[in-house]
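The values are calculated or read from the model by the stated rules, or taken from the named source; none is laboratory data. Computed from a prediction, not measured in an experiment: that's the story for all the values here. Don't worry about glycine lacking a Cβ; one is built from the backbone with ideal geometry, like all the others, and counts go over all protein chains shown. For accessibility, only protein heavy atoms count, side chains too; no ligands or nucleic acids. Shrake-Rupley method; radii C 1.70, N 1.55, O 1.52, S 1.80 Å.
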Amino acid sequence: MDLIVAKNRTDLVKARGEGSVALVPTMGALHEGHRSLIREARVRADHVVVSIFVNPLQFSPNEDFSRYPRTFDADLEACRAEGVDVVFAPSADDMYPAGRQVSVQSGEMGTIVEGAVRPGHFDGVLTVVLKLFNLVQPDVAVFGQKDAQQLAMIRRMVADLDLPIDIVGAPTVREPDGLALSSRNRYLSADERQVALTLSRALRAGAAEAVALPEGAAESVPARIRAAALAVLEGAAPRLALDYLVLVDPATFAEVSESYRGEAVLAVAAKVGTTRLIDNAVLSLDPA
Ligand code: AMP
């Protein structure tokens, strides 16, 4: 079947068919990371819907909403090549008609780590994602581990609001040199790209410390992980301006204690020039 492009909610309703549906929400400027989510979606349901919507609600006034890359024709080509059934690409007016009052509040979890640097961001993300869920009515929705706190917040929303949708997290796709793919990478000059590589290098240095220490060791494993990653990041200052480097519980994004065991996320955010980048690594903190 040929790709259906639904540019408003009426078209979307018309495109609805029989069988299960997997949704991949995106802001467009699709790259191999998005395409890996689409491939994951295809094995999870009969039909795949990709939404392309640069959501004004999740950008603050000082952020890059107006210059965010928009590559609609290339995005449609990528969706066609990946066998997507429906692209839902509404306008901002269609998503947010005048008179809107009610929205989703992300709670305290939306005010920590990424939410502390971007106040209101997760309220905007959850509001648009809930609207997309209601409009598309998927059985499954696929999100990238690249935006680890976003994934955790969506899982929280689905649990707290009893949404009947299976949330699937998909691994981060990287360039061969380690740089996590991002629509914002195209803002980077060749020089800045070299600096940006420090993020994934720092995460690898942290991950290398995620091994149990002998009994009575002076420093805890979380402290060593943070110190190792920070040492790499400091090497790139002042060209890399760090927003945060934290080791957190993947479900709550609360910082882990010294006695924490199990999976933890080492999350980093920094500005390189005017481009803000985030990345993370999932580590296993096992008992000694
Ligand atoms: P965005 O278009 O940046 O809002 O991202 C749309 C979806 O793609 C989100 O679920 C992201 O987490 C995911 N995504 C972005 N970059 C990557 C990547 N490098 N690898 C895997 N998924 C990604």
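In the range 196-209, the residue that is nearest to the ligand (Cβ to nearest atom) out of those that are open to solvent by 20 Å² or more (accessible area, probe 1.4 Å) and not charged (D, E, K, R) is Ala207. Within the range 152-171, restricting attention to residues that are farther than 20 Å from Val43 by Cα and in contact with a helix residue (DSSP H, G or I) (Cβ under 7 Å, 6 or more places away or on another chain), the residue that is surrounded by the fewest Cβ atoms within 10 Å (Cβ to Cβ) is Leu163.
Residue check: Gly107 meets all listed conditions (1) away from the ligand (no atom under 12 Å from the Cβ); (2) surrounded by fewer than 20 Cβ atoms within 10 Å (Cβ to Cβ); (3) outside the structural domain of Gln58 (by TED's automatic domain parsing); (4) of a type outside the set (Ser, Thr, Tyr) but one, namely (3). Among the residues of the range 138-147, some residue qualifies, meaning at least one is among the basic types (Lys, Arg) and either under 15 Å from the mean Cα position of the chain (by Cα) or surrounded by fewer than 20 Cβ atoms within 10 Å (Cβ to Cβ) (or both). The C-beta contact set for the range 129-143 (first residue more than 22 Å from Ser36 (Cα to Cα) and at pLDDT 95 or above, second residue in a helix (DSSP H, G or I) and of a type outside the set (Ser, Thr, Tyr), distance under 7 angstrom, 6+ apart or interchain) comprises Leu130/Met157; Lys131/Met95; Leu135/Arg9; Leu135/Leu12. The C-beta contact set for the range 264-275 (first residue touching a residue at least 24 places away in the same chain (Cβ under 8 Å) and farther than 15 Å from Gln149 by Cα, second residue in a strand (DSSP E or B) and not acidic (Asp, Glu), distance under 7 angstrom, 6+ apart or interchain) comprises Ala270/Leu240; Ala270/Ala241; Ala270/Leu242; Ala270/Leu277; Lys271/Ala241; Val272/Leu240.
With more than 16 Å from the ligand (Cβ to nearest atom) and either of a type in the set (S, T, N, Q) or open to solvent by 60 Å² or more (accessible area, probe 1.4 Å) (or both) as the only criterion, which of Arg186, Arg239, Arg174, Arg193 stands out?
Going through Arg186, Arg239, Arg174, Arg193 in turn, the sole match is Arg239.
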